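Enquirer: Got a structure for you, questions after.
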Amino acid sequence: MTERRHDRLTRRTAAGEHNSLWHWPDAKRPATVAKNYAAIVAARHSPSLRLKNWLLRQLGMSVGTGVSWGLEATPDVFWPELITVEDHAIVGYDATILCHEFLQDEYRTGEVILGERSMIGAGAIVLPGVHVGAGANVAANSLVTEDVPAGETVAGIPATPVTRD
């Protein structure tokens, strides 16, 4: 049986009467989140791919050679260090890469890997723990809830393989 993204997530219980998002300062230092946020906002609006990649590497992201980030693309603000973007991958305009999920009674974190020459379309959302294989394509406005095998194209909500006739 293949490992699913849920099997790769780290789960932490939220104590107390409030949902897990209420306790985010216990999960990550507010100063770290503020620093991450400032760098990510700068990267989102910069037209320079070199500057974007440099800023995101400063947050602990693994960003390969020739990676391209579209304007407004947003990596995870809480745990950017859990993102790996391999060489020559593209993250499209306004795409979001998440490494965390705040739920009612727990929060979860998981590494996201975007393989070499993979492409994440405009407005797509990639959830925590997802691995997108080398050369895989995620269509615009898709919600990626499961791994995408190398070379495959997925689309939709949730993203499913696209068949070609």
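Enquirer: Once R0 is set to 30 Å, what does the formula 1/(1 + (r/R0)^6) return for the Cβ-Cβ distance between Leu21 and Arg164, expressed as a FRET efficiency to the nearest 0.05?
Expert: Values: r = 41 Å, r/R0 = 1.36.
It comes to 0.15.
Enquirer: Here's something else I'd like to know. For the range 1-102, what is the charge dipole size about the Cα centre, in debye to the nearest 20, if Lys and Arg each add +1 at the Cβ and Asp and Glu each add -1 at the Cβ? Each step should come with its number before you reach the end.
Expert: Numbers: 12 positive and 11 negative charges, 49 e Å.
With only Lys, Arg, Asp and Glu charged at Cβ, the dipole is about 240 debye.
Enquirer: Could you calculate the contour length gain from Lys35 to Leu71, that is, 0.36 nm times the residue separation minus the distance between their Cα atoms, to one decimal place in nm? Present the calculation step by step, with values, prior to reporting the outcome.
Expert: Working: separation 36, 0.36 × 36 = 12.96 nm, distance 1.96 nm.
So the chain would gain 11.0 nm between Lys35 and Leu71.
Enquirer: In what sequence, highest mean first, do 71-79, 97-105 appear when ranked by Cβ atoms within 10 angstrom?
Expert: Details: 71-79: 20.4, 97-105: 17.9.
Averaged packing, sorted descending, gives the order 71-79, 97-105.
Enquirer: Calculate, for the range 19-161, the solvent-accessible area per residue in square angstrom, rolling a 1.4 angstrom probe over the heavy atoms of the protein chains. Provide the component values of the computation, followed by the final result.
Expert: On the way: 6420 Å² over 143 residues.
Per residue, the range 19-161 has an accessible area of 45 Å².
Enquirer: How big is D for the range 1-133, in µm² s⁻¹ as a whole number, if Stokes-Einstein is applied with the Kirkwood radius of its Cα pairs at 37 °C and 0.692 mPa s?
Expert: Details: Rh = 15.1 Å.
For the chosen part, D equals 217 µm²/s.
Enquirer: For the range 19-161, give the magnitude of the charge dipole about the Cα centre (Cβ charges: +1 Lys/Arg, -1 Asp/Glu; no others), in debye to the nearest 20. Write down the numbers at each step before the final one.
Expert: Numbers: 9 positive and 15 negative charges, 126 e Å.
For this selection, approximately 600 debye.
Enquirer: Right, another one. Could you work out what % of the accessible surface of the chain is carbon and sulfur, using a 1.4 angstrom probe and leaving DNA, RNA and ligands out of the count?
Expert: Values: 4610 of 8530 Å².
Solvent-exposed carbon and sulfur of the chain make up 54 percent of the total.
Enquirer: Considering only DSSP beta bridges whose two residues both sit in the chain, what percent are antiparallel, to the nearest 5? The partial results should precede the final answer.
Expert: Numbers: 9 of 31 bridges.
Within the chain, antiparallel bridges account for around 30 percent of the total.
Enquirer: Along the charge dipole of the range 19-161, pointing to its positive end and built from +1/-1 on Cβ of Lys, Arg, Asp and Glu, which listed residue (Val148, His45, His100) has its Cα farthest out?
Expert: Selected residue: His45.
Enquirer: Please give the Cα centre distance for the range 36-55 versus the range 121-144, rounded to the nearest Å.
Expert: Spelled out, the Cα-based centre of one part sits 20 Å from the other.
Enquirer: Also, I was wondering about something else. Going by average Cβ density within 10 Å per residue, which order do the peptides 122-129, 81-88 take, highest to lowest? Please list the in-between numbers first.
Expert: Details: 122-129: 22.9, 81-88: 19.1.
Averaged packing, sorted descending, gives the order 122-129, 81-88.
The values are calculated or read from the model by the stated rules, or taken from the named source; none is laboratory data. Everything quoted here is computed from the prediction, not taken from an experiment. Note that each Cβ is placed from the backbone with ideal geometry, even for glycine, and that neighbours are counted across all protein chains shown. For accessibility, only protein heavy atoms count, side chains too; no ligands or nucleic acids. Shrake-Rupley method; radii C 1.70, N 1.55, O 1.52, S 1.80 Å.
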